[in-house]
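I have placed the structure first, in the form of structure tokens, so that the comments after it can refer back to it.
The values are calculated or read from the model by the stated rules, or taken from the named source; none is laboratory data. From a predicted model like this one, the values you see are computed outputs, not experimental measurements. Positions of Cβ are backbone-derived with ideal geometry, glycine not excepted, and every protein chain shown enters the neighbour counts.
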Amino acid sequence: MEKIKSYIEQNRERFLDELFELLRIPSISAQSAHKEDMRRCAEWLAAALVKSGADHAEVMPTDGNPVVFAEKIVDPAAKTVLVYGHYDVMPVDPVDEWRTEPFEPVVADGRIWCRGADDDKGQLYMHAKAFEAMCATDSLPCNVKFMLEGEEEIGSESLYKFCEDNREMLRADVILVSDTSMIGMDKPSITCGLRGITYMQVEVTGPDKDLHSGIYGGAVANPANVLARMVASLVDDKGHVTIPGFYDDVRILSDEERRDLNEAPFSADDYKRSIGICDIAGEEGYTTIERTGIRPSLDVNGIWGGYIDEGTKTIIPSRASAKISMRLVPNQDFNKIAELFEKHFRAIAPAGVRVDVKFLHGGAPYVSPTDIPAYRAAERAVTESFGRKPLPFYSGGSIPIISGFERILGIKSILLGFGLSKDAIHSPNESYGLDQFFRGIETLPLFYKYFAEM
Ligand code: BES
Ligand code: MN
Ligand code: MN
């Protein structure tokens, strides 16, 4: 391990230079204008993995963005770790709120500021460099495969089929993922739960064109007013989602399980301060940890319609729309939730408007067992490198393909992420601490070591 550590120490600056090259590619999967950047990013990663020590690396086409696959087989009889990550990033709007250029990495206050610095380029690149350090010091104890996709932020649609088509190539003993957060650098944790998601888009249409709001105001259903009412009614005063059947399959935890969950450190004051809110909110009867960890939720991600440019314009808009996501927990089924949503949303529409409901994407929740060898290897690695035993932690975020891996490939995932909430992923001014990046690179070889020994 000393050899690995000093290798990392000696190559610090180069690791960062490489990461910065990766970060400069604006690989935004949600926007078709970036199609070419997706391919360029995949090519860059394949080349980087070969330079890091892979036997070979491929940019494999899918119906969507390509998947980067690479591997190094040290011994066919040895264990195999499949590293998963995603090279696509979220859009950068509102771009005015960035203090630096979104795709020009800058180091300040010991942190890298850039879209993708944490989610997930910074985190996946820790794997590439941990792998390089093990190869270069002759201390790689397992076979390693990399599978890096470009559609995680839009639902991983192509990756399900990719897994079905490449079962043999993807054979492994465990999937290792760094795409989640820890509670704190002094409070390490390993994610053992991810929420699922159902993402819908709705449109309410009234008159066949925008109308003068004086001539027609009060006499015609206004789609923007109607949409606002419909959307507001989806969550009640107690923070419950009102869609009939929504909670039917929600797994109820025992009092003991809930007590354990709430052992995780949490400060409401720090939480409020960190995101600039004056009060926390959510479902009655549950703590903040429970609200994101074990309870489902419903959020409007965007809502639009009518006139929003400079000045005023007196109209009744012809239509109004919203993007609505629901975070799901075991044992909710994302398809069933989509159906319940659509049925309910149509049912609550008043006379005088038409409603259009579209399913955009969905994914299942995941719970990772904490009593398997791979989890214990991760726990040992973190304990050694952070000087403190990590807590298992239920995250509110989603990585839908993780449950797909279990279903299609029959392989469990270990969610060993090094993010922190202050990294502000998906927000303007995303960042990743240099300490997180390098601690991650040091921790990963320990995982390989302990996993190989088990
Ligand atoms: N890396 C995140 C998920 C995450 C972040 C999990 C922090 C736990 C802690 C991932 O890139 C992500 O943002 N996923 C999307 C999935 C969706 C678009 C299907 C999400 O959760 O919104
Ligand atoms: Mn991610
Ligand atoms: Mn993300």
Among the residues of the range 30-45, is any modelled with pLDDT of 95 or more and outside any helix (DSSP H, G or I)? yes
If the Cβ limit is 8 Å and pairs must be 6+ apart or interchain, which residue in the range 404-433 that is in contact (Cβ under 8 Å) with a residue 12 or more places away in the chain and farther than 17 Å from Pro365 by Cα pairs with which residue that is within 16 Å of ligand 2 (Cβ to nearest atom) and aromatic (Phe, Trp, Tyr)? Phe418/Phe437; Gly419/Tyr432; Asp423/Tyr432
Can you find a residue in the range 140-153 that is outside any strand (DSSP E or B), surrounded by fewer than 23 Cβ atoms within 10 Å (Cβ to Cβ) and under 14 Å from the mean Cα position of the chain (by Cα)? yes
Is it the case that Val106 is surrounded by fewer than 24 Cβ atoms within 10 Å (Cβ to Cβ), within 16 Å of ligand 3 (Cβ to nearest atom), more than 20 Å from Ile411 (Cβ to Cβ) and of a type in the set (A, V, I, L, M)? no
Of (1) out of contact with any helix residue (DSSP H, G or I) (no Cβ under 7 Å at 6 or more places or on another chain); (2) in a loop (DSSP other than H, G, I, E, B), Ile243 satisfies every one except (1)
Kindly list, by first and then second residue, each pair from a residue in the range 205-224 that is within 19 Å of Arg346 (Cα to Cα) to a residue that is assigned to a loop (DSSP other than H, G, I, E, B) and of a type in the set (Ser, Thr, Tyr), limited to pairs with Cβ atoms under 6 Å and residues at least 6 apart or on different chains. Pro207/Ser318
Take the residues of the range 308-342 that are over 27 Å from the mean Cα position of the chain (by Cα) and in contact (Cβ under 8 Å) with a residue 40 or more places away in the chain: which is surrounded by the fewest Cβ atoms within 10 Å (Cβ to Cβ)? Thr314
